[in-house]
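Undergrad: Structure below; questions to follow.
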Amino acid sequence: MERVEETDADETRILIIEDEKTIAELLKYDLCQEGFSVKCAYTGAQGMLGMEEFEPQLVLLDWMLPDFSGVDLLKHLTDNYDIPVIMLTARGTIEDKVYGMSCGADDYITKPFDLREVNIRIRAVLRRFRKTLGQEKREQIRIPDGLIYEQERTVVQDGVQVELTPKEFDLLLWMARHPRQVFTRERLLDAVWDYDYAGDTRTVDIHIQRLRKKLRAGEAIITVFGVGYKYVPEET
């Protein structure tokens with residue numbers, strides 16, 4: 001199989017999958033001038049090889065390829081890689097744009113296009129993607145020897161999932177979201193069990209004890225005598 005063409009630039013990596021070599025080369029030249037690192041692939045098969053070898057951070061994908069439908073390749077990319085994809089196509093109807101976006105494209109540029117517009121679109125898509133990526137990272141809270149994954153409601157330490165009850169997880173998450181703040185037992189009861197809970201503050205003590213036993217670095221949950229508890233994260 002023919003290897004995809006490479007450039008020596010070392011900035012954000014962009015893979016162009018476009019069977020019209022003139023267009024691909026023009027895009028490559030312009031994007032390299034803008035500081036991107038670019039490879040060109042002229043078939044879907046070359047594009048898939050380029051994904052593995054080049055590990056791009058964004059893909060410019062032509063709709064019409066000689067061996068694959070660009071839309072089919074788009075679906076493969078969105079199913080298997082977490083990177084933005086911009087479709088390039090001469091098909092400019094609203095129906096085509098809606099279909100391409102619904103299949104997972106992050107943007108849609110019709111031919112003929114202005115190179116300045118392509119550059120602006122690429123930078124805008126990258127900004128949106130990196131902002132989203134940053135939000136996802138914030139959903140992971142570091143604890144000693146591990147992470148709290150908020151969306152999955154799991155805690156992992158040293159690569160092993162810690163088995164927590166729902167309330168143990170909620171209590172840990174609340175305290176980890178508010179590092180170094182001292183909370184009374186009553187405040188933790190209100191925050192984690194809500195105001196309608198009929199139990200007493202000993203419930204908090206019991207759950208803290210369980211967390212300390214289950215977590216490999218339970219000393220991060222500190223008793224403030226006469227007041228309550230605080231969580232002190234691992235220093236980085």
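Undergrad: Would you mind ranking Thr12, Thr154 so that the residue whose beta carbon has the fewest other beta carbons within 10 Å leads the list?
TA: On the way: Thr12 18, Thr154 14.
Ranked by crowding around the Cβ, least crowded first: Thr154, Thr12.
Undergrad: Restricted to Cα positions, what overall size does region 13-138 have along the principal axes? Three whole-Å values, descending.
TA: Extents along the principal axes: 41, 33, 28 Å.
Undergrad: Let me ask something else about it. Find the relative contact order for region 140-231 and round it to a whole percent, using C-alpha pairs within less than 8 Å whose residues are 6+ positions apart.
TA: 29
Undergrad: Sort Ser102, Ser69, Ser37 so that the residue with the fewest other Cβ atoms within 10 Å of its own Cβ comes first and the one with the most comes last.
TA: Ser102, Ser69, Ser37
Undergrad: Here's a follow-up. If amide hydrogens are placed 1.01 Å from N in the peptide plane, which non-local residues have theirs closer than 5 Å to the one on Thr154?
TA: Long-range HN contacts for Thr154: Tyr149.
Undergrad: Would you order Glu52, Glu11 from fewest to most other beta-carbon atoms within 10 Å of each residue's own beta-carbon?
TA: Working: Glu52 7, Glu11 13.
The most exposed by this proxy come first: Glu52, Glu11.
Undergrad: Taking K and R as +1 and D and E as -1, what net charge do the other residues with C-beta under 13 Å from the C-beta of Gln181 add up to?
TA: Residues near Gln181 contribute +4 overall.
Readers should treat all values here as calculations from the given coordinates under stated rules, not as data from a laboratory. Just so it is clear, the structure is predicted and the values come from calculations on it, not from any experiment. Note that we place each Cβ from the backbone using ideal geometry, even for glycine, and neighbour counts take in every protein chain shown.
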